[in-house]
Structures are given as C-alpha cells and as structure tokens.
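Peer 1: Dumping the structure here so I can ask a few things about it.
Values in this text are rule-based calculations from the coordinates and carry no lab data. Since this is a predicted model, take the numbers as computed values, not measurements. Here Cβ is always computed from backbone atoms with ideal geometry, including for glycine, and neighbour counts include all displayed protein chains.
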Amino acid sequence: MPRPDAPFAYRSGPRGRREIRLTEGDGIRGLADGPAGRFDVVVTSPPYNLGQPYRTYQDRRPRDDYLAWIGRLGRAVRHALRRDGSFFLNVGGPPRDPWLPFDVARAVADGWHLQNVIHWIKSIALDRSATGLDRDLAFGHYRPVGSPRYLHGTQEYLFHFTRTGRVPLDRLAIGVPYAHPSNRARWKRAAVDRRCRGNSWFLPYPTIQRRATDRPHPATFPDTLPEWCYRLHGLDRLTTAADPFVGLGASAVAAARLGLGFQGWEIDREYLAFAAHRIDRVRSLGRRRPTAPGPRATAAARRVRAESTP
Ligand SMILES: C[S@@+](CC[C@H](N)C(=O)[O-])C[C@H]1O[C@@H](n2cnc3c(N)ncnc32)[C@H](O)[C@@H]1O
C-alpha cells in the first residue's frame, strides 16, 4: 500500500533509456544528482519570477536569488546533458520587464554557447498587403496588457544552448515547402522540396473550452514546441529527453508521441498527475495526437494521493 505522503512517481514504456519517468521533486537536484551526460536534449521553461499563481511554487523572490537559482539550473543541465546535446530554454518577459529573458539567458550562459535564438510567436497579424487578400488577418492568442504604454506581448524566447556551439541540426525535419518549385532549382543545395523554417516559430495555444479542466496551469507551452525542438536536434541522435520543470507535461507528451525516453520532475503532484494522464492517453492512442485532456485528467489529478507510489 503506497504511503499517502510518498512522492508521486510515474513510469511508462519499456525499462531503460526509452522509458518515460515523472518524479515529484526538485528538478535541478534531479538533474544534478544522477550520472553525467545521460540526456540528449533538455527542453524546459522555468518559472519566470513574475508572481504566477502556481499551486505550490511561490513565483516571486528577490531578483538576485532568482538569477542565482537559474545559474544552478544551467550547471545542472550541463552536468546531465551529453556533450553534443541541446538545451532549449523557454523564457518570456512581461512588457514592463523586457530585460528578464536576457538576464535569465545570461545567468545560464556560463559554460554554454548560445547557438540559436528562436522566437516563439503566440499570435500574429498579417497585413493585407503581405498576403494579397482583401482584409487583414490575425491568428493565435495572447494575454492583453492593460497599460497604454506597451504593446501586447505576443512572443517569447527559446534560447538554444549547446556546449560547443557546433551541434549539427536537422533543420529540414521542421522545414516548410518552398513557395514555388523553381526555388529548388535556384538553390543548388536544396535536395528536397523543403527549406529551413527559420527562427520564428508561430505556435498558437490550442483553443480550449474550460481552463479549469483543460489546462489547469498558468504558464504552459504547447506540445508542438518541445516536439519541434526534438525534431530540430535530430531524432536519429535522440534517445532520452528531460525537463526539470514538467508542469502539465508538454515536453513529456511530445516525447511519448515520438517514442522517445523521457525523465521529468515537478514539485506539484497535481500537475504531475495531469501530465501522467496525458501520456497515458498518447500511449493508448498509439502515439497519435491527443485532444485536450479534459475533465478526466483533472479527476486523475484529484486521485493522485491514492495513486502515489513509493
Ligand atoms: C513555467 S512552468 C512549466 C510549464 C510546462 N513547460 C508546461 O508546458 O506545462 C514551471 C513549473 O515549474 C515547477 N517548479 C518550480 N520549482 C520547481 C523545482 N525546483 N523543481 C521542479 N519543478 C518546479 C512549477 O510548479 C511549474 O509548474
């Protein structure tokens, strides 16, 4: 009989490097404590120190303490990642604190090369002059800003750190078709009908009906964001991924969808239970794209105490 106070632990899939494991606890310690070089890719989004209403974590502390903690994250990932691995760090900043993402990147940077800076675009507006259509278009969602001083923030950063700055990427794995086939002949190196997508990734949040049941967390990224990171690093060089701040499990769900191994940590057991339920759904759908998790995942989160394993 599991002890009710035992940490939540979830395992799925074959034992070994292709297993998916979620553990309740400190992700920085989890990365730092295990063997060196055991992960191929880390995709993560730490709390941004903005006072987000997480269930357990207190998201407001003195800036210096926060940045020192982020520095520990950078060192823990450096320990746990292979030398030719990729570390994708997602950070956003509110309009009133535009330096925050850069301060976080700087706090991590010791011992790392900043190989790419990717812009995660959550919402975009296209002027009719750009499309040739008869009206402007807008896609995606963003959190509106009250003050008339600022533009609404429609973008976050995805910093791609590597140990050497020379990690080859599989750009065409997330590439896009050429607008016109004649481009293929013009660009001699284009062996296939695809070009690099570039470093602006338009990834809107999936529309949900009820936040409390469909996405009960204040700061998630869409599953497609870690999926593109994994594909970009190269699936032929990726067996096991990790995320020290799992939240509702986007990085784990993407790993499950691609048949990768994964290890993740989260201090909040209800978030973890929600993530575990989502992974089960991916597995039961035979790695097909799952729909929004819905009320059953929330019920699973409520049952989490009973489901905890020592
Ligand atoms: C920005 S959210 C991550 C969201 C996640 N990427 C997703 O899409 O659901 C940060 C998460 O880190 C968790 N957290 C805070 N401190 C932690 C720690 N020391 N170890 C593990 N998780 C932690 C918070 O509970 C929160 O869910």
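Peer 1: Springs between alpha-carbon atoms under 10 Å, Gaussian network over the chain: tell me which of Arg78, Arg163, Arg135 tops the mean-square fluctuations.
Peer 2: Arg135
Peer 1: Let me ask another. Where the only charges are on Cβ atoms (+1 Lys, Arg; -1 Asp, Glu), what is the dipole of the range 1-123 about its Cα centre, to the nearest 20 debye?
Peer 2: Details: 20 positive and 13 negative charges, 71 e Å.
With Lys and Arg at +1 and Asp and Glu at -1, about 340 debye.
Peer 1: Calculated from DSSP H runs of 4 or more alone, at -39500 (n - 2.57) each and per residue, what is the 222 nm mean residue ellipticity of the chain, nearest 500? Could the numbers behind the result be given before it?
Peer 2: On the way: 11 runs with 94 residues, N = 310.
So the helix-based figure for the chain works out to -8500 deg cm²/dmol.
Peer 1: Of Pro95, Gly132, Gly37, which is farthest along the charge dipole of the chain in the positive direction, counting Lys and Arg as +1 and Asp and Glu as -1 at C-beta?
Peer 2: Gly132
Peer 1: Which angle from 0 to 90°, rounded to the nearest 10, does the C-alpha axis of helix 224-233 make with the longest principal axis of the chain?
Peer 2: It works out to around 80 degrees.
Peer 1: If I stretch the segment between Arg61 and Ala173 completely, what's the gain in nm (0.36 nm per residue apart, minus their alpha carbon distance), one decimal?
Peer 2: Numbers: separation 112, 0.36 × 112 = 40.32 nm, distance 3.97 nm.
Length difference between fully extended and current span is 36.3 nm.
Peer 1: Pick from Val108, Val145, Val42: which residue has the top mean-square fluctuation in a GNM of the chain where Cα pairs under 10 Å get a spring?
Peer 2: Checking each option, the largest mean-square fluctuation is seen for Val145.
Peer 1: Sticking with this one: How high is the relative contact order of the chain, given as a whole-number percent (alpha carbon pairs under 8 Å, six or more residues apart)?
Peer 2: Details: 616 pairs, mean separation 81.1, N = 310.
Relative contact order, the chain: 26 percent.
Peer 1: Give the angle, between 0 and 90 degrees and rounded to the nearest 10, that separates the Cα long axis of helix 269-284 from the longest principal axis of the Cα atoms of the chain.
Peer 2: For helix 269-284, the angle is close to 60 degrees.
Peer 1: Taking R0 as 22 Å, what's the FRET efficiency between Leu50 and His113 from their Cβ-Cβ distance, rounded to 0.05?
Peer 2: Numbers: r = 28 Å, r/R0 = 1.25.
The formula returns an efficiency of 0.20 here.
Peer 1: Determine the shape class of the range 57-183: with a ≥ b ≥ c the square roots of the Cα gyration tensor eigenvalues, call it rounded for a/c under 1.5, and otherwise prolate if a/b is greater than b/c, oblate otherwise.
Peer 2: On the way: a/c = 3.34, a/b = 1.26, b/c = 2.65.
Oblate, because a/c is 1.5 or more while a/b does not exceed b/c.
Peer 1: So what's the angle, to the nearest 10 degrees on a 0 to 90 scale, between helix 63-80 and the longest Cα principal axis of the chain?
Peer 2: 90 degrees
Peer 1: Classify the range 111-269 as rounded, prolate or oblate from the Cα gyration tensor: take a ≥ b ≥ c as the square roots of its eigenvalues, call it rounded if a/c is under 1.5, otherwise prolate when a/b beats b/c and oblate if not. If you can, show how the numbers build up before the last one.
Peer 2: Numbers: a/c = 1.78, a/b = 1.05, b/c = 1.69.
Oblate, since a/c reaches 1.5 and b/c is not below a/b.
Peer 1: In nanometres, what is the gap between the two model label sites at Ser12 and Leu126, each 7 Å from Cα along Cα-to-Cβ?
Peer 2: The two pseudo-label positions are separated by 3.5 nm.
Peer 1: Work from the charge dipole of the chain (Cβ charges, +1 for Lys and Arg, -1 for Asp and Glu, about the Cα centre) and give the residue of Gln52, Gly261, Gln115 farthest towards its positive end.
Peer 2: The residue sitting farthest along the positive end of the dipole is Gly261.
Peer 1: For the range 68-154, give the magnitude of the charge dipole about the Cα centre (Cβ charges: +1 Lys/Arg, -1 Asp/Glu; no others), in debye to the nearest 20. Display every interim value, and only then the final one.
Peer 2: Details: 12 positive and 7 negative charges, 69 e Å.
So the magnitude is around 320 debye.
Peer 1: Using a 7 Å offset from the Cα along the Cα-to-Cβ direction at both His180 and Asp26, what is the distance between the two label points in nm, to one decimal?
Peer 2: Going by the 7 Å Cα→Cβ label model, 5.9 nm.
Peer 1: I need the shape label for the chain. Rule: rounded when a/c is under 1.5, else prolate if a/b > b/c, else oblate, with a, b, c from the alpha carbon gyration tensor. Walk me through the numbers before you get to the answer.
Peer 2: On the way: a/c = 1.39, a/b = 1.29, b/c = 1.08.
It comes out rounded by the Cα gyration axes.
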